[in-house]
Amino acid sequence: MLSDFGTIFLFILAAVALVSMMLGMARLLRPNNPNEEKLSTYESGEEPLGNANVQFNVRFYVVALIFVLFDVELIFLFPWAVVFGNEDLIQQTNGQWGWFALAEMTVFVGILVLGLAYAWAKGYLDWVRPEPKTPHVDSPVPTSLYQQVNEKYKKS
Amino acid sequence: MELTEFIIKAIVIAVIFGLTLLIAMYSTYGERKVAAFIQDRIGPNRAGPFGMLQPLADAGKMFFKEDFIPAQANKWLFIAGPALAMLTALMASAVIPFGHTLRYDGVEVAVQAVEANIGILYIFGVVSLGVYGIMVGGWASNNKFSLLGAIRAASQNISYEIAMGMAIVAILMMTGSLSLREIVDQQHSGNWNIWYQPLGFIIFITCAFAECNRTPFDLPECETELVGGYHTEYSSMKLGFYLFAEYINMFISSAVISALYFGGYNYPGMDWVYTQLTGAFGEVAGHNAATLIGTAVFFGKALFFVFFYMWVRWTLPRFRYDQLMNLGWKGLIPLAILNIIITGTGVLFLEPYFTALLK
């Protein structure tokens, strides 16, 4: 007798077999003649400079930290959601069960919402917005002249 | 008995794999035809009638292309990345209920690979594993574009995962079960969850778009900024795995949307059809025929959402990264929390009220 997760394991095994079979078949079929240029890192046609350990925006890290907090909260919410509307429990407690569970979870989520509001107010959720720079040209021709020309030759 | 059961399971698994792969293959064809239709072109029409063999030609090309691993890349992780992406995409289809049961010779087989009692939690977990495929592949390429694309993808996926999970929690509060089959069975005939959870549905479908890295959320592979994003260095079958995984994910998320919100294999008037069919063909054949109609309805709903993905892709422009993050953290997460609270009060207050009213 296969249990549910035994079948899921069978499923995973089949998926692994399929993926390795496809990779192996492609390996047998395709040509393989590498050279130095093919094996170099792609950088829009330039010679690659250094490796990929570049600096990136620290906000990605902050987002990951906030995510961990909320994901743990989510894991707590799943079992709660299943028993929340349970009619047996509601009847056994004369209808108090649902309200009690809802109030309890409101307190729990409320604390996390406070945390979200704090991060929001502190600006941790604000991404750096690209600011468009209008190009400025020092020109002896005044801008009003262009407008005059435009006005003059405007098609009515 | 042991062996028959094992064989039945093996057949079901093979069929579901084949179906998923077939649908993913023909989604690429569908995508190009839909794009062509929307942009007033013809689309692929050379390989076979109406270009129907185009996906096979593409797959053949993937097999015969030369594949090179960049000298600076981490070789094993470079291979593991796309394999992981494909694996997680394939695994998710295990618990989706495609239909009711089929009866044959006194044996009743559910049209589903595994009837797991934590189905939706399993899908949620496997989908969140999908980010590893992209992250590992992007990092192992040792390319600046790939790394930036991978970090973007990870950040985007984890941001939208929270709102997605909260939308699911609101559904669970109504159904009280984690089993997908149970959730679908509770939406008998036209009693679909979409009537009770319109806000949750909008949150869920938005997050599904972001999780699949589809336009308008395809920033990880934003070609104007990052060349090819996380798969810049990939070629041949490994690139094929990434592209294929995306289409499989699209189909899986469409199937989950139709199971959670649109009643899965339930449709209005199904009881009438069932009695008619069992009356006409007898108990067993009628039951099987009704199940097959339900499965067809399920695939119809899922394929509609696959089409919806394509429709949106060729209609909306891409988000900017700060807009994406603002929508996720400041828009969808507060809305999802609000949705949970509304659902909670609805279940406790409105449901007994309406039940009393209907009596």
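The values are calculated or read from the model by the stated rules, or taken from the named source; none is laboratory data. Since the model is a prediction, treat every value here as computed from it, not as a measurement. In this analysis, Cβ positions are derived from the backbone assuming ideal geometry, glycine residues included, and neighbour counts consider all displayed protein chains. Remember, those area values only see protein heavy atoms, side chains included, never the ligands or the DNA or RNA. Shrake-Rupley method; radii C 1.70, N 1.55, O 1.52, S 1.80 Å.
Miscellaneous remarks
- The set of residues in the stretch B:222-248 that are farther than 21 Å from B:Leu77 by Cβ, open to solvent by 10 Å² or more (accessible area, probe 1.4 Å) and in contact with a helix residue (DSSP H, G or I) (Cβ under 9 Å, 6 or more places away or on another chain) comprises B:Glu223, B:Glu225, B:Tyr247.
- Residue within the stretch B:50-64 that is among the aliphatic types (A, V, I, L, M), touching a Pro at 6+ places or on another chain (Cβ under 8 Å) and in contact (Cβ under 8 Å) with a residue 24 or more places away in the chain present: no
- Flag if A:Ala64 is at pLDDT 80 or above and more than 24 Å from B:Pro220 (Cα to Cα): no
- Matching entry among B:Leu316, B:Leu327 (being surrounded by fewer than 17 Cβ atoms within 10 Å (Cβ to Cβ) and within 30 Å of B:Ile151 (Cα to Cα)): B:Leu316
- Selection over the stretch A:72-103 of residues that are open to solvent by 40 Å² or more (accessible area, probe 1.4 Å) and either within 18 Å of B:Ile123 (Cα to Cα) or in contact (Cβ under 8 Å) with a residue 60 or more places away in the chain (or both) gives a count of 4.
- Screening the candidates B:Val107, B:Val114, B:Val15 for the property of being among the hydrophobic types (A, V, I, L, M, F, W, C) and either away from chain A (no Cβ under 14 Å) or at positive phi (or both) yields one hit, B:Val107.
- Any hit, the stretch B:321-338, residues being assigned to a helix (DSSP H, G or I), hydrophobic (A, V, I, L, M, F, W, C), in contact with a Gly (Cβ under 9 Å, 6 or more places away or on another chain) and on the phi < 0 side of the Ramachandran plot: yes
- Every residue from the stretch A:121-150 that is open to solvent by 100 Å² or more (accessible area, probe 1.4 Å) and in a helix (DSSP H, G or I): A:Lys122, A:Thr143, A:Tyr146, A:Gln147, A:Gln148, A:Asn150
Residue-wise test of (1) more than 10 Å from every other protein chain (Cβ to nearest Cβ); (2) under 30 Å from B:Ile333 (Cα atoms); (3) assigned to a helix (DSSP H, G or I).
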{"site": "A:Ala52", "(1), (2), (3)": "no, no, no"}
{"site": "A:Ile66", "(1), (2), (3)": "no, yes, yes"}
{"site": "A:Asp88", "(1), (2), (3)": "yes, no, yes"}
{"site": "A:Ala103", "(1), (2), (3)": "no, yes, yes"}
{"site": "A:Thr106", "(1), (2), (3)": "no, yes, yes"}
{"site": "A:Gly110", "(1), (2), (3)": "no, yes, yes"}
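- Of all residues in the stretch B:179-189, those satisfying the criterion of being open to solvent by less than 30 Å² (accessible area, probe 1.4 Å) and more than 14 Å from chain A (Cβ to nearest Cβ) are B:Val184, B:Gln187.
- Residue check, B:Gly119 under 30 Å from B:Gln186 (Cα atoms), touching a residue at least 12 places away in the same chain (Cβ under 8 Å) and either under 26 Å from the mean Cα position of the chain (by Cα) or within 14 Å of chain A (Cβ to nearest Cβ) (or both): yes
- So B:Thr291, is it in contact with a strand residue (DSSP E or B) (Cβ under 8 Å, 6 or more places away or on another chain), of a type outside the set (A, V, I, L, M, F, W, C), modelled with pLDDT under 90 and open to solvent by less than 70 Å² (accessible area, probe 1.4 Å): yes
- Cβ-Cβ distances below 6 Å connect the following pairs, each with a first residue in the stretch A:7-35 that is within 7 Å of chain B (Cβ to nearest Cβ), a second residue that is β-branched (Val, Ile, Thr), and a separation of six or more residues or different chains: A:Thr7/B:Val114; A:Ile8/B:Val114; A:Phe11/B:Ile13; A:Ala14/B:Ile13.
- Checking each residue in the stretch B:124-150 for being open to solvent by less than 10 Å² (accessible area, probe 1.4 Å) and not polar (S, T, N, Q) picks out B:Val126, B:Gly133, B:Gly137, B:Gly138, B:Ala140, B:Gly149, B:Ala150.
- Hey, B:Ile79 surrounded by 15 or more Cβ atoms within 10 Å (Cβ to Cβ), within 11 Å of chain A (Cβ to nearest Cβ), over 14 Å from B:Ala259 (Cβ atoms) and modelled with pLDDT under 85 or not: no
- Extreme residue, farthest from the chain's Cα centre (by Cα), among residues of the stretch B:167-178 that are open to solvent by less than 10 Å² (accessible area, probe 1.4 Å) and more than 7 Å from chain A (Cβ to nearest Cβ): B:Ala170
- Candidates B:Ala285, B:Ala296, filtered to the one that is assigned to a helix (DSSP H, G or I), within 30 Å of B:Phe98 (Cβ to Cβ), open to solvent by 10 Å² or more (accessible area, probe 1.4 Å) and at pLDDT below 85: B:Ala285
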